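Below: the structure, in structure tokens.
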Amino acid sequence: MRVVVLTGAGISAESGVPTFRDADGLWEGHRVEDVATPEAFERDPDTVHRFYDARRAHLSTVEPNAAHRALAGLERDGRHRLLVVTQNVDDLHERAGSRDVVHMHGELLSARCLACDGRFRSDAPLVDRPRCPGCGERALRPDIVWFGELPYELDRIQSALERADLFVSIGTSGAVYPAAGFVSAARAYGARTVELNLEPSHGTDLFHDARHGPAGTVVPSWAAGLTPTG
Ligand SMILES: [Zn+2]
């Protein structure tokens, strides 16, 4: 089977990665519009850099959980063709062993150059304004898709949805587009659809099947039950 897995904040939250959905829409005291928009970066780049520098540094204190490992195991197993499309900007899927991962909202461990538009692996604090490895300018920004910007690799995601036999949504609220529309697209192209989430999402009725509970429990149990195709 061709399987497209969409993952969101819920899967990383169980590893201790904070999200905007904690408490009252604040992320460690910051409002979304103060750190996750192009306007915020223009207005106050130091605050935005420090925010993502701190998020990046925090990655070294968290580990992939059983849900990340179950997805990596499914890919490694090789019976199914798995593509993980994640809304998360951490590297927990990769550290669990997943290789085919699309970061539609960018990555903390990547920087983008505003001068040459290159994207580079980087774990350096960007508030120090390191030089771009490509053009030498000090014009790097976090390689994060902010509100109002276009997610990465939508064409590749769309064509994967067109060919998918199974679409699985894990730990996402179903409220943020375009990802919230993937389930309808996958269904329209004939895929079976499954929701694995802590609680029923906004779009839970759009799925053929749903299992609700912590990702670290429901994902491994779902993966174990995925039978080989004939
Ligand atoms: Zn550059």
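Select from the stretch 25-37 the residues that are open to solvent by 30 Å² or more (accessible area, probe 1.4 Å) and part of a helix (DSSP H, G or I) and list them in ascending order.
Matches in the stretch 25-37: 32, 33, 34.
From the list 139, 40, 70, 54, exactly one residue is within 16 Å of the ligand (Cβ to nearest atom) and either in contact with a Phe, Trp or Tyr (Cβ under 7 Å, 6 or more places away or on another chain) or open to solvent by less than 60 Å² (accessible area, probe 1.4 Å) (or both). Which is it?
From the options 139, 40, 70, 54, the qualifying one is 139.
Restricting to the stretch 144-187, name every residue that is of a type in the set (Ser, Thr, Tyr), within 26 Å of residue 17 (Cβ to Cβ) and open to solvent by 10 Å² or more (accessible area, probe 1.4 Å).
152, 172, 173, 177, listed by residue number.
Which ones in the stretch 80-118 are out of contact with any strand residue (DSSP E or B) (no Cβ under 8 Å at 6 or more places or on another chain), more than 30 Å from residue 129 (Cα to Cα) and buried (at least 21 other Cβ atoms within 10 Å of the Cβ)?
96
Does the stretch 147-163 contain at least one residue that is among the β-branched types (Val, Ile, Thr), within 19 Å of residue 82 (Cα to Cα) and away from the ligand (no atom under 16 Å from the Cβ)?
Yes - at least one qualifying residue is present in the stretch 147-163.
Can you tell me which condition residue 121 does not meet? The list is (1) in contact with a helix residue (DSSP H, G or I) (Cβ under 6 Å, 6 or more places away or on another chain); (2) surrounded by fewer than 21 Cβ atoms within 10 Å (Cβ to Cβ), and all the others hold.
Failing condition for residue 121: (1).
Given (1) over 29 Å from residue 181 (Cα atoms); (2) in contact (Cβ under 8 Å) with a residue 24 or more places away in the chain, identify the lone condition not met by residue 82.
Of everything listed in (1) over 29 Å from residue 181 (Cα atoms); (2) in contact (Cβ under 8 Å) with a residue 24 or more places away in the chain, residue 82 misses just condition (1).
Collect the residues in the stretch 100-130 that are among the charged types (D, E, K, R) and closer than 21 Å to residue 154 by Cβ, keeping them in residue-number order.
Within the stretch 100-130, 100, 107, 112, 117, 119 qualify.
For the subset of the stretch 111-134 comprising residues that are among the aliphatic types (A, V, I, L, M) and in contact with an Asp or Glu (Cβ under 7 Å, 6 or more places away or on another chain), which member is farthest from the ligand (Cβ to nearest atom)?
127
Quick test of your reading of the structure: residue 120 fulfils all but one of (1) touching a Ser or Thr at 6+ places or on another chain (Cβ under 7 Å); (2) within 23 Å of residue 11 (Cα to Cα); (3) of a type in the set (Phe, Trp, Tyr). Name the failing condition by number.
(2) is the only condition that residue 120 fails.
Please work out which residue is farthest from residue 183 (Cα to Cα), limiting yourself to the stretch 199-215 and to residues that are open to solvent by 20 Å² or more (accessible area, probe 1.4 Å) and at pLDDT below 95.
My answer is 199.
With respect to residue 79, determine if the residue is in a loop (DSSP other than H, G, I, E, B) and more than 22 Å from residue 17 (Cβ to Cβ).
Answer is yes for this residue.
The values are calculated or read from the model by the stated rules, or taken from the named source; none is laboratory data. Since this is a predicted model, take the numbers as computed values, not measurements. Note: ideal-geometry Cβ built from the backbone for every residue, glycine included; neighbour counts use all protein chains shown. All accessible areas refer to the heavy atoms of the entire protein, side chains included, with ligands and DNA or RNA removed. Shrake-Rupley method; radii C 1.70, N 1.55, O 1.52, S 1.80 Å.
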